[in-house]
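Take a look at the structure below.
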Amino acid sequence: MNARYEAYVDQILIDSARAADLLSISPRKLGELGNTGAISRVVIGRAVRFRLADLHRWVERGCPCGEVKR
């Protein structure tokens, strides 16, 4: 891939339902991971989005779950 394409892909935001589907986890689990900071998220008003590049990096790191807050 060229650098221009990679820079574009780094900026793609997807919603929680699509992110959970891509990772094969439940939306609830994705929410827990986002709340703990295990997966980076972007909050825009009341909407939560995830950068495709951040999800890819999370998988490359071996899907670390972090600690879930109760």
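The values are calculated or read from the model by the stated rules, or taken from the named source; none is laboratory data. Since the model is a prediction, treat every value here as computed from it, not as a measurement. Cβ: placed from backbone, ideal geometry, glycine included. Neighbour counts: every protein chain shown. Ligands, DNA and RNA are excluded from the accessible area calculation, which covers all protein heavy atoms including side chains. Shrake-Rupley method; radii C 1.70, N 1.55, O 1.52, S 1.80 Å.
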Using the structure shown, decide if ALA19 is at negative phi and in a helix (DSSP H, G or I). yes
Does segment 55-70 include one or more residues that are part of a helix (DSSP H, G or I), surrounded by 10 or more Cβ atoms within 10 Å (Cβ to Cβ) and among the acidic types (Asp, Glu)? no
Expected single match for charged (D, E, K, R), touching an Asp or Glu at 6+ places or on another chain (Cβ under 9 Å) and open to solvent by 80 Å² or more (accessible area, probe 1.4 Å) among ARG28, ARG41 is ARG41
